[in-house]
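**Q** I have a structure I would like to understand better, so I am pasting it below and will then ask my questions one at a time.
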Amino acid sequence: MAPKNPSSAQQKESAHQLEIDRLFMERLIRFTAKSLETATPVPFGALIVHSETGSILMRGRNAVGSESDPSAHAELRTVRKATKKLKSINLSGYTMYSTCEPCPMCMANALWAGIDRVVYGATIADANRHCRQIRISAKEVVRRSDMTCSVKGAFLRARCYALFTHPNMLKAFATWSSRSTSSSANKTRRTRKRSSRNS
């Protein structure tokens, strides 16, 4: 049996949703890009929007460094602020846009919050060219859960990835790497000291 072709109404709705997604992702890119001219640039931004009305509930950027909090990813911070604003843990009926594919922690958080849709730009693989990542896709996190969430990406991938390759961001990534290297070096030195004391 031949598959049914989508109706003109479905095609129109799909085109309308595509335009809405483009509008909000472009807004998010502009919001995130503002950080690139600051002392603490970040390429990660998130935006939560009511899926039906299009009203913006909350937006945020990654603040791991500025808040000294490894969980302060853009998506997780934005969900935290959104639920606090609504005084509810339930974000069903909302769509989350992210400049980068949510990591497993952020995607799991979106599921726990009941978010209906996630639309992301750059991929985890894109981000992993510049910083550490857990290489489990957002769709895989959804597949392994008993909760539902529509995941769309990579959407406007090149535009979002441009946030990662901005000259100021590349300089910042170099310091992220040096912090990681310095931490590893300190750990190695501590291990050697313990070994020398025990020998």
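The values are calculated or read from the model by the stated rules, or taken from the named source; none is laboratory data. Worth saying up front: this structure is predicted, and the values here are computed from it rather than measured. All Cβ positions, even for glycine, are placed from backbone atoms using ideal geometry, and neighbour counts span all protein chains on display. Accessible surface is based on the protein model in full, side chains and every heavy atom, while ligands, DNA and RNA are left aside. Shrake-Rupley method; radii C 1.70, N 1.55, O 1.52, S 1.80 Å.
**Q** Quickly run through the stretch 107-137 and pick out the residues that are outside any helix (DSSP H, G or I) and in contact with a strand residue (DSSP E or B) (Cβ under 7 Å, 6 or more places away or on another chain). Can you show your working first?
**A** First pass over the stretch 107-137, keeping only residues outside any helix (DSSP H, G or I): 114-123, 129-137.
Once the filter is applied, which keeps residues that are outside any helix (DSSP H, G or I) and in contact with a strand residue (DSSP E or B) (Cβ under 7 Å, 6 or more places away or on another chain), the stretch 107-137 yields Ile115, Asp116, Arg117, Val118, Val119, Tyr120, Gly121, Ala122.
**Q** How about the stretch 31-52: which of its residues are over 18 Å from Ala127 (Cα atoms) and either assigned to a helix (DSSP H, G or I) or among the polar types (S, T, N, Q) (or both)?
**A** Filtering the stretch 31-52 for residues over 18 Å from Ala127 (Cα atoms) gives 31, 34, 37-39, 47-52.
Result: Phe31, Lys34, Glu37, Thr38, Ser51.
**Q** Restricting to the stretch 143-165, what's the tally of residues that are closer than 15 Å to Thr95 by Cα and of a type in the set (Gly, Ala, Ser)?
**A** So the answer is 2.
**Q** Scan (1) in a helix (DSSP H, G or I); (2) under 22 Å from Asn128 (Cα atoms) for the single condition Thr83 breaks and write down its number.
**A** For Thr83, the failing item is (2).
**Q** Something else now. Does any residue in the stretch 138-157 that is surrounded by fewer than 16 Cβ atoms within 10 Å (Cβ to Cβ) and in a strand (DSSP E or B) come within less than 9 Å, Cβ to Cβ, of a residue that is among the β-branched types (Val, Ile, Thr) and modelled with pLDDT of 95 or more six or more places away or on a different chain, and which pairs are these?
**A** Going by the 9 Å Cβ cut-off, the qualifying pairs are Ser150/Thr95; Ser150/Val118; Ser150/Val119; Ser150/Val142.
**Q** Take the conditions open to solvent by less than 30 Å² (accessible area, probe 1.4 Å), assigned to a strand (DSSP E or B) and at pLDDT 95 or above and apply them to Leu57. Does it pass? Walk me through how you get there before you give the answer.
**A** Details: open to solvent by less than 30 Å² (accessible area, probe 1.4 Å): yes; assigned to a strand (DSSP E or B): yes; at pLDDT 95 or above: yes.
Here the answer is yes, as Leu57 does meet what is asked.
**Q** Is one or more of the residues making up the stretch 89-106 hydrophobic (A, V, I, L, M, F, W, C), within 20 Å of Asn128 (Cβ to Cβ) and assigned to a loop (DSSP other than H, G, I, E, B)?
**A** Going residue by residue through the stretch 89-106, those that are hydrophobic (A, V, I, L, M, F, W, C) are 89, 91, 96, 100, 103, 105-106.
After this cut, where a residue has to be within 20 Å of Asn128 (Cβ to Cβ) as well, the list is 100, 103, 105-106.
Narrowing further to those that are assigned to a loop (DSSP other than H, G, I, E, B): 103.
Scanning the stretch 89-106 turns up at least one residue that is hydrophobic (A, V, I, L, M, F, W, C), within 20 Å of Asn128 (Cβ to Cβ) and assigned to a loop (DSSP other than H, G, I, E, B).
Yes/no matrix, rows are residues, columns are (1) in contact with a Cys (Cβ under 7 Å, 6 or more places away or on another chain); (2) open to solvent by less than 30 Å² (accessible area, probe 1.4 Å); (3) among the polar types (S, T, N, Q):
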{"residue": "Ala82", "(1), (2), (3)": "no, yes, no"}
{"residue": "Ser88", "(1), (2), (3)": "no, no, yes"}
{"residue": "Leu91", "(1), (2), (3)": "no, yes, no"}
{"residue": "Arg129", "(1), (2), (3)": "no, no, no"}
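**Q** Just to check your reading of the model, which residue among Ala39, Ala72, Ala46, Ala82 is farther than 21 Å from Gly153 by Cα and in contact with a strand residue (DSSP E or B) (Cβ under 6 Å, 6 or more places away or on another chain)? Explain how you work it out, then say what you get.
**A** Working: Ala39 fails: in contact with a strand residue (DSSP E or B) (Cβ under 6 Å, 6 or more places away or on another chain); Ala72 fails: in contact with a strand residue (DSSP E or B) (Cβ under 6 Å, 6 or more places away or on another chain); Ala46 fails: farther than 21 Å from Gly153 by Cα.
Being farther than 21 Å from Gly153 by Cα and in contact with a strand residue (DSSP E or B) (Cβ under 6 Å, 6 or more places away or on another chain) holds for just one of Ala39, Ala72, Ala46, Ala82, which is Ala82.
**Q** Then there is this: Any idea which residue in the stretch 1-49 is farthest from Glu101 (Cα to Cα), counting only those that are at pLDDT 95 or above and among the small types (Gly, Ala, Ser)?
**A** Among those residues, the one meeting the criterion is Ser35.
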